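The values are calculated or read from the model by the stated rules, or taken from the named source; none is laboratory data. All values derive from a computational prediction rather than experimental measurement. With ideal geometry, Cβ positions are generated from the backbone for all residues, glycine too; neighbour counts draw on all protein chains shown. Ligands, DNA and RNA are stripped out before the accessible areas are found, and what is left, the full protein with its side chains, is counted by its heavy atoms. Shrake-Rupley method; radii C 1.70, N 1.55, O 1.52, S 1.80 Å.
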Number of protein chains: 2
Amino acid sequence: MTVTLADVAARAQVSPATVSRVLNGNYPVAASTRERVLKAVDELDYVLNGPASALAAATSDLVGILVNDIADPFFGIMASAIQAEIGGPGGRAGGERLAVVCNTGGSPERELTYLTLLQRQRAAAVVLTGGAIEDAAHQAAMDTKVRKLTDAGTRVVLCGRPPAPETGAIALTFDNRGGGQELTEHLIGLGHRRLGYIAGPEERTTTRHRLEGHRAALAAHGIEEDPRWTVHGRYDRRSGYEATLELLRRDPSLTAVVAANDSVALGACAALRDSGLRIPEDVSVAGFDDLPFSIDAVPSLTTVRLPLGEAGARAGRIAMGREEAPPGGIASVRGELMVRGSSGVPRVS
Amino acid sequence: MTVTLADVAARAQVSPATVSRVLNGNYPVAASTRERVLKAVDELDYVLNGPASALAAATSDLVGILVNDIADPFFGIMASAIQAEIGGPGGRAGGERLAVVCNTGGSPERELTYLTLLQRQRAAAVVLTGGAIEDAAHQAAMDTKVRKLTDAGTRVVLCGRPPAPETGAIALTFDNRGGGQELTEHLIGLGHRRLGYIAGPEERTTTRHRLEGHRAALAAHGIEEDPRWTVHGRYDRRSGYEATLELLRRDPSLTAVVAANDSVALGACAALRDSGLRIPEDVSVAGFDDLPFSIDAVPSLTTVRLPLGEAGARAGRIAMGREEAPPGGIASVRGELMVRGSSGVPRVS
DNA sequence: CCGTATGTAGAAAGCGCTTGCTGCAACGCT
DNA sequence: AGCGTTGCAGCAAGCGCTTTCTACATACGG
């Protein structure tokens, strides 16, 4: 059978208690004893029984990271940063923490399920990333679940997600509204007056915030928005392609298209090109997020850079208690406007 | 304190054993009793203690998925497919399986560490994705570790990774050699005779296999390879950009550049463009993998499509024992040549 | 030289669950 | 009617750790 603590203890001629203490390093053990134990551990190739340890200690080394779509670099970059900060030494029992990412696929049910699963595993912390779903019932369910986790001592931090008051969770929100506004103001500054907007799925907070920023910019410059100028889609390229065609059909005189994110913007570029329009001479395009591929687009994409890596790292540190939580448990992270080749002055009409 | 099985039992007026059996559903329980138990579970909002359960049952609901780089869609797509197949109902204790992805960042040490961590958690299965590192010591260490896992009853499957004989792991390998050969033959068929090759990191099996395929194609057509035509880099765009510049410096007369993967190919396109060369009129470019963004490149990328999603799904099913392992525990998955705009007949020199 | 503080190790009681075995009705068979 | 089945439920023994409490040296101050 597998080697147990007792086997190690026998071999090192000490009690199981001592072995446990050496491994956990939270109790004085004489250097000579420690050495003997470590030697036995090594010789027997002992691997701690995680469940047993977690049961006895009432907490585990597991940390969960929830993402909407693991195939989307937006989440991949964030998850990578979080995991880098969380994983590694520092766990219990002389071990590493096990930072794991869970892919919800954007489904509210799976989101909840994963939370339950992590609760069941007695996870040490949980980081939730990405925009939330604006459904009252689901949000309420999430909030109670989160509350339960924090009550049980699991640290919960939200990264790029709106705060959840009264749940004990710490939030690092992206200022999507501000970024959206700045982006559209840039376009307006170039002279655009007829701007199409490809929004994300209606039920996501991110979608609403970016759109609100866009509208705030229009309003600030006295531009009256034509209802035909906004189309809702998904956060992917395909959707951007189709939405752009629809936009063009509704109003061929648009001089700029603002997309919900970079993937959508790429789709928009393709659609424009396929429609025989040049970027930015005929139509300017703008994205959001500044994912790595955005700079490779031809022309490269004007967008709002979100500090995904930095925010993720910070969220990770907070989850580990290595960095203080922001005052009030809420911090807003700003994006940075990246002006590149896909936006230019509008054609004279 | 938290609700335990005993609390539920008390409330339902049955023994803890019965509650456990209802939850696990692996033992006959009278319908009326079951109902009473379920009601109590619901009323008390009971969440199973995972560690306790895993300890007693000597196995857990955890399934690990190891990836080299979570921010890379190549792995994201595969991980997503695997997770979709593995997660969800079917776990023990009326529960879901917890499919988690672990980001090794391509580091051999972290790869090993994660395996230990998963072993410690008594994971039910582990899926390893991506090419392996060609370092004898590391491979030996990995093999013993894997052997230990399979011996302990953890199913291990390799997805897009070379087989590890004698370890008990099941392998679903990508035919990188065949794909690489087919790709280069396509270029040769168009008339190219001077082909640059941007390889991945030297120590990865994937790199070697793709390069071998490329060389096999050259050899098959009697083209003698100039050593200046091959450059090694990383699997990212940046690397592709720099490598292409280097290639151009070494031999400006190249008419085609074959890249280690699509990201590298994108970088190559950018470098060529920045050097005033047209694609494919002046230089043809080819990638590998066919990630979603490849079709958006301008011109769209000629590449080899790897069935990432299908392979991942299959790996997931095998890991769950829901699909039979291939004969001999090894299967090779072929890629499909996608001829698109980035490859054309060479300019007349 | 004795009482007390100090440093280190062991004994043992769980942590909350699973499961082999036992117990007991109710049932059907001869 | 007697007895082996069958169907459900409970008992209790762990699973392999952690941790409190106890025990024993040794060191130290008065």
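Values for this structure:
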read-out	value
Breaking point among (1) at the interface with another protein chain (Cβ under 10 Å from one of its Cβ atoms); (2) open to solvent by less than 10 Å² (accessible area, probe 1.4 Å), for residue B:263	(2)
Lone unmet requirement of (1) among the small types (Gly, Ala, Ser); (2) over 30 Å from residue B:146 (Cα atoms); (3) open to solvent by 10 Å² or more (accessible area, probe 1.4 Å) for residue B:12	(3)
Residue in the range A:42-61 that is touching a strand residue (DSSP E or B) at 6+ places or on another chain (Cβ under 7 Å) and in contact (Cβ under 8 Å) with a residue 12 or more places away in the chain present	yes
Selected residue [open to solvent by less than 10 Å² (accessible area, probe 1.4 Å) and in the same structural domain as residue A:75 (by TED's automatic domain parsing)] from A:187, A:218, A:149	A:149
When residues of the range A:18-34 are limited to those that are more than 41 Å from the chain's Cα centre (by Cα) and not β-branched (Val, Ile, Thr), the one nearest to residue A:53 (Cα to Cα)	A:34
Only listed residue being in contact with a helix residue (DSSP H, G or I) (Cβ under 9 Å, 6 or more places away or on another chain), open to solvent by 20 Å² or more (accessible area, probe 1.4 Å) and either aromatic (Phe, Trp, Tyr) or farther than 29 Å from residue A:126 by Cα (or both), chosen from A:348, A:339	A:339
Top-ranked residue in the range B:286-305 [being part of a loop (DSSP other than H, G, I, E, B) and open to solvent by 10 Å² or more (accessible area, probe 1.4 Å); ranked as nearest to residue B:84 (Cα to Cα)]	B:290
Failed item, numbered, when residue B:316 is tested on (1) assigned to a loop (DSSP other than H, G, I, E, B); (2) buried (at least 24 other Cβ atoms within 10 Å of the Cβ)	(1)
Among the candidates B:22, B:37, residue that is within 10 Å of DNA strand C (Cβ to nearest atom) and outside the structural domain of residue B:101 (by TED's automatic domain parsing)	B:22
Filter result (more than 12 Å from chain A (Cβ to nearest Cβ) and open to solvent by less than 10 Å² (accessible area, probe 1.4 Å)) within the range B:237-254	B:239, B:243, B:244, B:247, B:251, B:254
Any hit, the range B:92-111, residues being in contact with a helix residue (DSSP H, G or I) (Cβ under 8 Å, 6 or more places away or on another chain) and in a helix (DSSP H, G or I)	yes
Neighbours by Cβ (under 6 Å, 6+ apart or cross-chain): first from the range A:160-183, farther than 19 Å from residue A:133 by Cβ and in contact (Cβ under 8 Å) with a residue 40 or more places away in the chain; second open to solvent by 30 Å² or more (accessible area, probe 1.4 Å) and not in a helix (DSSP H, G or I)	A:170/A:325; A:175/A:332; A:175/A:334; A:182/A:337
Filter result for residue A:84 (more than 10 Å from DNA strand D (Cβ to nearest atom), touching a residue at least 60 places away in the same chain (Cβ under 8 Å), open to solvent by 60 Å² or more (accessible area, probe 1.4 Å) and of a type in the set (A, V, I, L, M, F, W, C))	yes
Qualifying residue in the range B:142-164 (condition: touching a helix residue (DSSP H, G or I) at 6+ places or on another chain (Cβ under 6 Å), on the phi < 0 side of the Ramachandran plot, within 8 Å of chain A (Cβ to nearest Cβ) and hydrophobic (A, V, I, L, M, F, W, C))	no
In the range B:271-285, residue nearest to residue B:214 (Cα to Cα) [restricted to those that are within 14 Å of another protein chain (Cβ to nearest Cβ) and open to solvent by less than 10 Å² (accessible area, probe 1.4 Å)]	B:285
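Residues are listed down the side, and each one gets a yes or a no for (1) within 16 Å of DNA strand D (Cβ to nearest atom); (2) open to solvent by 60 Å² or more (accessible area, probe 1.4 Å); (3) touching a residue at least 12 places away in the same chain (Cβ under 8 Å):
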position: A:8; (1), (2), (3): yes, no, yes
position: A:28; (1), (2), (3): yes, yes, no
position: A:33; (1), (2), (3): yes, no, yes
position: A:78; (1), (2), (3): no, no, yes
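Residue-wise test of (1) touching a His at 6+ places or on another chain (Cβ under 6 Å); (2) within 16 Å of DNA strand C (Cβ to nearest atom); (3) within 11 Å of chain B (Cβ to nearest Cβ).
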position	(1), (2), (3)
A:14	no, yes, no
A:33	no, yes, no
A:49	no, yes, yes
A:84	no, no, yes
